[in-house]
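Here is the structure we will look at.
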């Protein structure tokens, strides 16, 4: 007998497409008789943002007292001193300076609700975007064939069966590597126009050409009678909600970027109480090989969008902030020295940002040794001194209540670094 859980596992739902009016009629029929209850008590929600392309952590959060960095970045180095027309770094602690285009983060850092981890990265020294992203999303830096992603495993370790397919949600056009696996997860490109399609992997690969309705018809009548309404209750809620008319709280205005749109929709799902516990969004354009810029330019625009989007999301969720933690990640950093085209090349360590009311904030965690050449990895890169799994596992453990690191990150037994308060 096919169970609802097995059905979701086999398919790996992805939601996107053709408009609210395009929801298949059988779905509307399946949920038409259900009552819209408050299905879910307040649960913790982890929101992960992947900065694809490798963010220059040394420009986002600069060790501005380091003379070697100043020497090897004559066209990129920024100071915390106020001099001339150039905007200075925001001095965080006398050593590290936040890029001025990330000024939206400063109040959260001062209020100790934002933590920064520097020198974070993968123990695998690949400088391939594809491989590094794959390793970070699978959570197994030395095993390329891992079938599941760490966020999917996190969903499975939450300690309860999903009463909704929206327990794990990615605001992307396709399911990211982080959500591959056996547990329920969906990708939604746009709440305002969606349809349902099966993700064509594993069991789903053989039935990808069939419609969702055909597949559902193959399940038993007991499934529709006894568990169908659980699966489709959240879909019913989406269907009846005028998502296009959503008004953020507290006079918040989201950036009109892809990331701003994704976080706005995640905020909507949180307020709609569809049972979401893990959410994922992406930010692109971080591969700054040329014309990186300083207080203006492509990097400044990217960090401005990142910080403004996250803070719009945070302020929109004022009533939910105790339940939400936001964490950024990027596959690796950039070279310490600038290249000949005013940019930086693929490096090793970077930094990440963690926002939440349970964060051990107001600190730049991690270790960065003086950037003398002898301290650099391969004589050119910021060394990885904090394995990303130390941070990801601590955030998941402390915020979501997951206490099985052997499953969450197999083959990892590293120590936590104290980014979350006990």
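The values are calculated or read from the model by the stated rules, or taken from the named source; none is laboratory data. What you see is a predicted model; the values in this text were computed from it and never measured. Because the Cβ atoms are built from the backbone with ideal geometry, glycine has one as well, and the counts that use them run over all protein chains shown.
For the criterion of being touching a residue at least 60 places away in the same chain (Cβ under 8 Å) and touching a strand residue (DSSP E or B) at 6+ places or on another chain (Cβ under 6 Å), residue 262 passes. Of 334, 380, 421, 348, all but one fail to be within 30 Å of residue 250 (Cβ to Cβ) and touching a residue at least 12 places away in the same chain (Cβ under 8 Å); the exception is 421. Exactly one residue out of 65, 3, 34 is modelled with pLDDT of 95 or more and either over 25 Å from residue 291 (Cβ atoms) or in contact with a helix residue (DSSP H, G or I) (Cβ under 7 Å, 6 or more places away or on another chain) (or both), and it is 65.
Tell me whether segment 241-257 contains one or more residues that are surrounded by 18 or more Cβ atoms within 10 Å (Cβ to Cβ) and in contact with a strand residue (DSSP E or B) (Cβ under 6 Å, 6 or more places away or on another chain). No, there is no match, as no residue in segment 241-257 is surrounded by 18 or more Cβ atoms within 10 Å (Cβ to Cβ) and in contact with a strand residue (DSSP E or B) (Cβ under 6 Å, 6 or more places away or on another chain).
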